[in-house]
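The values are calculated or read from the model by the stated rules, or taken from the named source; none is laboratory data. Nothing here was measured: the structure is a model prediction, and the numbers come from that model. Using ideal geometry, Cβ is built from the backbone for each residue, glycine included, and neighbour counts are taken over all protein chains shown. The protein model used for the area step is the full one, side chains on, heavy atoms only, and it has no ligands, DNA or RNA in it. Shrake-Rupley method; radii C 1.70, N 1.55, O 1.52, S 1.80 Å.
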Amino acid sequence: MIEISPTDRVFILTGAGISAESGLPTFRGEGGLWRNVRVEEVASPVAWQRDPQFVWEFYSMRRRAASQARPNPGHTALAALERALGNRLFLCTQNVDNLHEQASSHDAVHMHGELFKSRCERCTLPPFDDTNTYEPPASLPRCECGARVRPHICWFGEVPFHVDRIYRALDECTLFVAIGTSGMVEPAASFATHARSRGRTFYVGPEEPANASAFTECFLGKSGEVLPELFRF
Ligand code: APR
């Protein structure tokens with residue numbers, strides 16, 4: 001059980017594990033391969049320059065899977081936490097699915113982008129909602145400026161989104177909880193260490209993450225089973 005005081009400011013970080021019980025595979029579990037390709041090999045600017053069609057096939061597959069997925073009790077528990085805490089809760093997700101939004105979390109900060117958005121790779125047109133899939137023989141989407149349209153995803157080697165806002169929230173939080181993330185990818189893997197200098201840090205997942213030493217305590221279990229009973233305020 002995690003006690004939340006009336007003055008606690010809570011930072012929640014979620015990873016692919018919170019969506020596992022909704023049927024979406026994690027990256028580094030057994031479902032981490034796609035056509036025997038590591039996600040690091042297809043979610044990158046190099047892969048995009050080399051074979052944009054292949055990249056769009058990957059994200060089209062993920063759009064199809066995510067469009068069938070529904071929130072699980074883990075997502076629902078975090079939406080309830082937002083209703084209880086209001087602006088004392090900061091929800092940061094590494095996930096690009098929209099399951100937090102479907103569960104009625106209202107301000108999930110998607111540091112790695114959003115699967116159901118696309119953007120022009122060149123001009124200043126802002127990211128736009130896009131649920132389309134782009135697979136052969138469909139042609140690749142083009143912007144009105146003529147450049148290619150890409151998934152609005154932060155690829156390996158690119159800078160995550162909303163970093164300033166995230167670190168401001170980390171600096172203010174007194175309670176940090178990471179859920180369903182292996183602690184292998186920066187900068188998110190270092191958030192717990194950053195928060196630990198100011199407050200309590202907890203992890204929720206079926207196995208200890210790579211950065212387990214950064215946590216005050218790990219609650220081992222599936223987030224859909226642990227989260228509904230975890231918080232007391
Ligand atoms: N509940 C909670 N956690 C779970 C569950 C579950 N039901 N099932 C699996 N997990 C845990 C696994 O133990 C693993 O530690 O979820 C974690 C998923 O780890 P990863 O697959 O590495 O996913 P994540 O940490 O979110 O990856 C970070 O890497 O590929 C990039 O950009 C991508 O955002 C992603 C980033």
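Worth pointing out:
- Selection count, the stretch 33-77, where residues are charged (D, E, K, R) and away from the ligand (no atom under 15 Å from the Cβ): 6
- Of all residues making up the stretch 66-84, the number that are closer than 17 Å to residue 152 by Cβ and open to solvent by 40 Å² or more (accessible area, probe 1.4 Å): 1
- Test: residue in the stretch 11-32 that is part of a helix (DSSP H, G or I), near the ligand (Cβ under 9 Å from one of its atoms), open to solvent by 40 Å² or more (accessible area, probe 1.4 Å) and among the charged types (D, E, K, R): yes
- Qualifying residue in the stretch 79-95 (condition: in the same structural domain as residue 203 (by TED's automatic domain parsing), part of a loop (DSSP other than H, G, I, E, B) and within 16 Å of the ligand (Cβ to nearest atom)): yes
- On inspection, residue 158 does not qualify as open to solvent by 40 Å² or more (accessible area, probe 1.4 Å), touching a strand residue (DSSP E or B) at 6+ places or on another chain (Cβ under 8 Å), within 16 Å of the ligand (Cβ to nearest atom) and part of a loop (DSSP other than H, G, I, E, B).
- Within the stretch 217-229, tally of residues that are in contact (Cβ under 8 Å) with a residue 24 or more places away in the chain and surrounded by fewer than 18 Cβ atoms within 10 Å (Cβ to Cβ): 3
- Pairs meeting the criteria (first residue in the stretch 110-125 and open to solvent by 50 Å² or more (accessible area, probe 1.4 Å), second residue of a type in the set (Asp, Glu), beta carbons under 7 Å, at least 6 apart or on different chains) are 117/129; 117/130.
- Of the residues 50, 38, 63, the single one that is buried (at least 17 other Cβ atoms within 10 Å of the Cβ) and of a type in the set (Lys, Arg) is 63.
- Of all the criteria given as (1) open to solvent by less than 50 Å² (accessible area, probe 1.4 Å); (2) at pLDDT 95 or above, the one not satisfied by residue 138 is (2).
- Residue under evaluation residue 105, criteria (1) without any contact (Cβ under 8 Å) to a residue 60 or more places away in the chain; (2) more than 13 Å from the ligand (Cβ to nearest atom); (3) out of contact with any Cys (no Cβ under 7 Å at 6 or more places or on another chain); (4) over 18 Å from residue 73 (Cα atoms), criterion not met: (4)
- If the condition is being among the polar types (S, T, N, Q) and either at pLDDT below 95 or buried (at least 23 other Cβ atoms within 10 Å of the Cβ) (or both), then the stretch 95-109 contributes 95, 105.
- The residues of the stretch 186-230 that are within 8 Å of the ligand (Cβ to nearest atom), part of a strand (DSSP E or B) and within 22 Å of residue 172 (Cβ to Cβ) amount to a single one, 204.
Table: residues versus (1) outside the structural domain of residue 77 (by TED's automatic domain parsing); (2) touching a residue at least 40 places away in the same chain (Cβ under 8 Å); (3) open to solvent by 20 Å² or more (accessible area, probe 1.4 Å).
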site: 178; (1), (2), (3): no, yes, no
site: 185; (1), (2), (3): no, yes, yes
site: 188; (1), (2), (3): no, yes, no
site: 197; (1), (2), (3): no, no, yes
site: 215; (1), (2), (3): no, no, no
site: 231; (1), (2), (3): no, yes, yes
